[in-house]
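What follows is a short report on a single structure.
The values are calculated or read from the model by the stated rules, or taken from the named source; none is laboratory data. Since the model is a prediction, treat every value here as computed from it, not as a measurement. FYI the Cβ positions are ideal-geometry reconstructions off the backbone, even for glycines, and counts take in every protein chain you see.
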């Protein structure tokens, strides 16, 4: 049985009594009913929260870009213009829904849905905290790579079906870019899987610590390079600048979603911003310690032992702290993504492929070998532990 | 109830669909779609027998190799299709009458 | 309960997708239906507690094979002549009634053979079901112990396929006398 959000609740006695009471009332075993309800509520919460984050992403993008360019940015709707994304959403719903006359109806309709599906399916394994992970699959990272590649199919079909040459070129670039950059991304993730000894996010995150020197990004020089490679790769996979060739507005009008209007366009945009959040979360979980919180606050042991708070409250507070840790790391990376977008110029399409196949893929391959050798020779110790041994050998320990 | 015959029936349907696609279509890419269906039917059978009869993981390993081979086959096959299209400007199977152009 | 819902959904998607691949008249649509069918097969793997296989199916097919196929369809989708080099009208690329009846005949014959085989196979006594547990570690162990030769051979196969595909599809001068 995988570790799921239900198994977090099932560890409390209070919860067990609720289940037994429900079983008495309904006359049948209510465990799976309760599990279903928990999953449904958690799914609604995660979807709602991440859709809001995706919407706020557009606002953040405009506000940060305005900041970088010494402008004001949106400031009319709500305080500091924070409700701008709601206004945009309402505008998109009210727009006319146009299907071009010679468009391929079926694929035109399912392309935005495939994009949304690919992004939303990744939420199932996103590790918000040790308890609040929808399900901690044993093949977590692998599953995430698999379902997120649906976005590539969606982009390609969106470009193909619109029957427009801008869309066609954008969709082609998007799909080729996504399947090319999947190679260095997967190889860099494999290096981390090698260090952590498992593909589930729970294993990977718990193999790291709360402090920066325990994170995988500073574990050894190879993982640091893997972090850089992975970050560049996910920028390309989510079609963000400087890799936003699929929607390069100065050459292809707006790329693969040129012909999409109304809510279909909204789906593409929302999927893009949510995917940026998801990949930033994945990078945070793989390299930046994920949801780890120092002093045992996350597991609630500190609160329980020092302050004698009951287990259910202590663990609840711990979960909240873990979610805060994860989300703050993710949003910091999100800021970096937007910052890069408004700082760097766009690459040319052949430079993009050169960067992927001639630089990132060989670097990621040798990096993987380097990580394997490091694991073999130093038995998985980080560089700080080795330095500690060195210092300890000379100075006689601390 | 989910038993072995239900999985066998699904893989049977997949296999027959793949066969019909391979024979009825004259487009090389469409024929490759049929090949993918047939390979999937075989892989599904191996996984089903692993669960219900054999219960060691050798069936999963063979399914994995089938997926690997399907990927290699698709890559090489589509490269051949694109090369064929460059030479003959057609992907009709009846135009593929020469081993060497 | 959840098992059965997942199984029925996946089975419907798999078989519906496969049938749609057969009867679709548009190659691009057929490819999308194939994607649906392959997703259904991934769901079936999940009900067979083959979690690693399900994830591999998603990664290889959704991320690789289907996009490659879509690319090939797009790159070869131009206007094509309807007669061959002897001036005889070709069968349309997506088949016609004649090819479908031939295929149907073949399907009937093959399905009789398969029924004959599967009748015995389905009667094999099921030894009960495996418990749900992670297969990742066991598969990893098996791949580098019992099946290490096949594992290495498949890596050579993939390398050969990579180089071969790159060499075959490399643009060259097209001869004029074909």
Of everything in the stretch B:72-87, what is surrounded by fewer than 22 Cβ atoms within 10 Å (Cβ to Cβ) and within 7 Å of chain C (Cβ to nearest Cβ)? Give them in sequence order.
B:72, B:75, B:76, B:79, B:80, B:82, B:83, B:85, B:86, B:87
Could you check, for the stretch A:9-16, whether at least one of its residues is within 25 Å of the chain's Cα centre (by Cα), in a helix (DSSP H, G or I) and either at pLDDT 80 or above or surrounded by 15 or more Cβ atoms within 10 Å (Cβ to Cβ) (or both)?
yes
Which one of these is touching a residue at least 24 places away in the same chain (Cβ under 8 Å), assigned to a helix (DSSP H, G or I), more than 25 Å from residue A:311 (Cβ to Cβ) and in contact with a helix residue (DSSP H, G or I) (Cβ under 9 Å, 6 or more places away or on another chain): A:51, A:103?
A:51
Which numbered condition residue A:322 fails, given (1) surrounded by 16 or more Cβ atoms within 10 Å (Cβ to Cβ); (2) closer than 26 Å to residue A:221 by Cβ; (3) at pLDDT 80 or above
(2)
Output yes when any residue across the stretch A:156-173 is within 14 Å of chain C (Cβ to nearest Cβ), farther than 27 Å from residue A:241 by Cβ and at pLDDT 85 or above, and no when none is.
no
Subset of the stretch B:88-101, residues crowded, with 19+ Cβ neighbours inside 10 Å and under 18 Å from residue B:38 (Cβ atoms), comes to none
Of all residues making up the stretch A:85-111, the number that are within 14 Å of another protein chain (Cβ to nearest Cβ) and under 30 Å from the mean Cα position of the chain (by Cα)
6
Please find, among A:228, A:204, A:189, the residue that is away from every other protein chain (no Cβ under 14 Å) and more than 27 Å from residue C:74 (Cβ to Cβ).
A:228
Hits in the stretch B:48-60 (condition: crowded, with 20+ Cβ neighbours inside 10 Å and in a helix (DSSP H, G or I)):
B:48, B:49, B:50, B:51, B:52, B:59, B:60
Looking at (1) surrounded by fewer than 19 Cβ atoms within 10 Å (Cβ to Cβ); (2) touching a residue at least 40 places away in the same chain (Cβ under 8 Å), which is the only condition residue C:31 fails?
(1)
Checking residue A:266 against (1) touching a residue at least 40 places away in the same chain (Cβ under 8 Å); (2) more than 18 Å from residue A:100 (Cα to Cα): exactly one of these is not met. Which one?
(2)
Could you list, in sequence order, all residues of the stretch C:9-26 that are more than 17 Å from the chain's Cα centre (by Cα) and more than 9 Å from every other protein chain (Cβ to nearest Cβ)?
C:9, C:25
Is it the case that some residue within the stretch B:48-69 is over 24 Å from residue C:139 (Cα atoms) and either more than 7 Å from chain C (Cβ to nearest Cβ) or at pLDDT 85 or above (or both)?
no
Which of (1) surrounded by fewer than 23 Cβ atoms within 10 Å (Cβ to Cβ); (2) touching a helix residue (DSSP H, G or I) at 6+ places or on another chain (Cβ under 6 Å); (3) assigned to a loop (DSSP other than H, G, I, E, B) does residue A:346 not meet, given it meets every other one?
(2)
Subset tally (residues that are over 13 Å from residue B:71 (Cβ atoms) and either facing chain B (nearest Cβ under 8 Å) or not in a helix (DSSP H, G or I) (or both)) for the stretch C:142-162:
6
Could you pull out the residue among B:41, B:30 that is more than 8 Å from chain C (Cβ to nearest Cβ), surrounded by 20 or more Cβ atoms within 10 Å (Cβ to Cβ) and within 12 Å of the chain's Cα centre (by Cα)?
B:41
Please state which one of C:118, C:114, C:75 is surrounded by 11 or more Cβ atoms within 10 Å (Cβ to Cβ) and at pLDDT 85 or above.
C:114
Which of the following residues is touching a residue at least 24 places away in the same chain (Cβ under 8 Å), part of a helix (DSSP H, G or I) and crowded, with 24+ Cβ neighbours inside 10 Å: A:256, A:291?
A:256
Assess whether residue A:374 counts as being surrounded by 15 or more Cβ atoms within 10 Å (Cβ to Cβ) and either modelled with pLDDT of 85 or more or part of a helix (DSSP H, G or I) (or both).
yes
For residue A:131, all conditions in the list (1) within 12 Å of chain C (Cβ to nearest Cβ); (2) over 18 Å from residue A:54 (Cβ atoms); (3) within 18 Å of the chain's Cα centre (by Cα) hold save one; what is the number of the exception?
(1)
